[in-house]
Each structure stands twice: as C-alpha cells, then as structure tokens.
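Remarks on the structure that follows.
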Amino acid sequence: MVIMAEEEENAASTVSEFPKGRVKKIMTLDKDVKRVSSEALFLVSRSTELFLQFLAEKSAQVAIEKKRKTVNLEHIRVAVKRHQPTRDFLLDDLPPPSQPNKPDKHTTPAARPKSDKPLPGTRRIDQFFRKPEPENPAQAEAQAQSPIPVDES
Amino acid sequence: MVDNIGGSSSNAENSGMREQDQLLPIANVGRIMKQILPPNAKISKESKETMQECVSEFISFVTSEASEKCRRERRKTVNGDDVCWALASLGFDDYAEPLRRYLHRYRELEVDRSTNQDRGNSPLTREGS
C-alpha cells in the first residue's frame, strides 16, 4: 500500500471541497455556458479553492500588518488591490467602505426629531392616549373606542 | 427561495448581492479560510460573506473566459483545457502547476473507475483483486 504525506494526498484528491452541483450552478448562470465537462467542473472547483486560500492568506497578512486579530472587509480590499489580476475583476464588486465613525460636520446622525409632525398616514403612539383634536369627527369617534384590539378569548 | 430558472444573462452584473444558491456554502468557505489563517486569527462574519461573493465572482469570471474561447472555436462543451487556458489568460498562471497535478490524478482515477480493471502500471491499483 502506498502511504502518502497528508499534503500530497490532498493534492492528489479528486474530490473538491466545494459541492459540485453548486459550482456547476454558478458556472451556468451565464447563459452562454451550455455544457461543461466533468474535468472542467473539477478544475474550476480546485482553482476556486486555490483562489480562496490565496485571498484568505493575503487578507490575513494585511490584518497582521495593521495589528488586528480579526480579518475584516478592509483587509480583504487591500489584499485584492495588491494583486493585479484579482484587482481587475474583483475590486469593483466589493461592498463599499462603511461610513467612518467620526462625526462629520455636514451629516449628523439621524436623531429622531421629537416635535416633528408624524408621517402622513401614521399616528404617533401618544395620540392614542390623548383626546384628539376634533379635526375629524369620524376619527374622533373612532378614537373614543379602544384603538388597540384586545383578544378577549 | 427565488426561482432562477431562465435567469437573465445579466445575473453576473447584478450590483446587488447574489442569492444564496449562487454562492458556495459559507461553511465550506469558512473552513478553508480557517485552515489557511494563523491559529489565533478570527474572521468577521462580514468577511466570510464577502469571501463567498468573491469566490462566486471568480467562478463566473473564469467560466466566462473559458466559454468565450469555446464560442470562438465553435465548440459547445467547456473542457479542462479551456479552464486552464482561461486561468492563464486572466493572470492566474501560477495555478497551472497544481492544477496540472490535480488533473493528472483525476484522469488516472477516472480511467480506473470507468474501466474497472487493474491497470498494473498504476501504483495505487497494484493491490486488490
């Protein structure tokens, strides 16, 4: 019996880490792709593993450079930028950077205004507990009854 | 779950997120990342999800390039050589060496499986019946 080192065995494995059906599904999203040989499917799966390993490793390196323990989106972004072939197809697809935490002069956090008029079609909850202005008699009558249906069963 | 049958060819250009069935399972993605990262490193959930998207993009990108070659050469089936060519063409030629080994091994086993004989010259099938 031939005993192989674990790494070599992994390299020789004919089974991909990714489910074949899912890889194939992604490949055939492109309607110009009609038929795919099993070899092609296998190689796409394996090369995708290599790519993932590569990107994970590079992202981790960036995290280490920035003295962080957790790999985040910005580390991935830097890793993508550093490898030209990857940058070419992937950079624009990454989610945009999240807003910085520092308060900005021009945009204040959206605090709920306390004395604003309610949006049309809605009523502020405290109106349920107040006698309404007799603006609309029908509405006033409706509000006189319990506005919140109670399940009495 | 959104039904993707007969989806438009602009799927790959969606600016929004892909549906789950257009992504590789996050468990697989996370596991491979964990194997590569240093033992004490952590991965944010957002990063794992981003990686899911990245690998799907990679698959689409490579497939599209390979498929385009088939179209030019008037062939209907994308084969292994097309994939190798596409990877080299897109700048991933350093994958060629490992892929060649994978493919060699894959072909060996596939032949063994389909013929179901002891081939004698293959060390792994020397034992057996």
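Quick note: the coordinates plus some simple rules give every number you see, no bench work behind them. Because the structure is a prediction, the values reported are computed rather than measured. Backbone-built Cβ (ideal geometry, glycine too); neighbour counts: all protein chains shown.
Counting alpha carbon pairs within less than 8 Å and at least 6 residues apart, what relative contact order, in whole percent, applies to region B:23-119?
Details: 43 pairs, mean separation 18.4, N = 97.
In percent, rounded to a whole number, it is 19.
Residue by residue, region B:102-108 carries 3J(HN,Hα) couplings of 4, 5, 4, 5, 4, 5, 4 Hz when phi is fed to the Karplus relation 6.51 cos²θ - 1.76 cosθ + 1.60 (θ = phi - 60°); x denotes Gly or Pro. In order along region A:81-89, phi translates into HN-Hα couplings of 4, 6, 10, 3, x, 6, 4, 4, 9 Hz, rounded to whole numbers, per the Karplus curve 6.51 cos²θ - 1.76 cosθ + 1.60 with θ = phi - 60° and x for Gly and Pro. Exposure proxy for B:64, B:47: other Cβ atoms within 10 Å of each Cβ, ordered fewest to most, give B:64, B:47.
Taking the Cα atoms of region B:23-119, the ratio Rg/Rh between the radius of gyration and the Kirkwood radius comes to 1.07. Modelled this way, with points 7 Å down the Cα-to-C-beta line, the labels at residue A:31 and residue B:21 are 1.8 nm from one another. Under 5 Å between amide hydrogens, built in the peptide plane, is the criterion, and for residue A:35 it picks out B:78 among residues at least 5 positions away or on other chains. A simple spin-label model places pseudo-atoms 7 Å from Cα toward Cβ; at residue B:107 and residue A:88 they are separated by 2.7 nm. Phi angles across region B:53-61 convert, under the Karplus curve 6.51 cos²θ - 1.76 cosθ + 1.60 with θ = phi - 60°, into 3J(HN,Hα) values of 5, 4, 6, 5, 4, 4, 4, 4, 5 Hz, Gly and Pro given as x.
Exposure proxy for A:46, B:71, B:31: other Cβ atoms within 10 Å of each Cβ, ordered fewest to most, give B:31, B:71, A:46.
Over its Cα atoms, what ratio of radius of gyration to 2.2 N^0.38 Å does region A:26-89 give? Don't jump to the answer; show the numbers that get you there.
Details: Rg = 15.2 Å, N = 64, 2.2 N^0.38 = 10.7 Å.
Here the Cα radius of gyration is 1.43 times the empirical estimate.
Could you line up A:16, B:44 from fewest to most neighbouring Cβ atoms inside 10 Å?
Numbers: A:16 20, B:44 14.
The most exposed by this proxy come first: B:44, A:16.
For residue B:42, the residues 5 or more places off, or on other chains, whose built amide H falls under 5 Å of its own are A:70, A:71.
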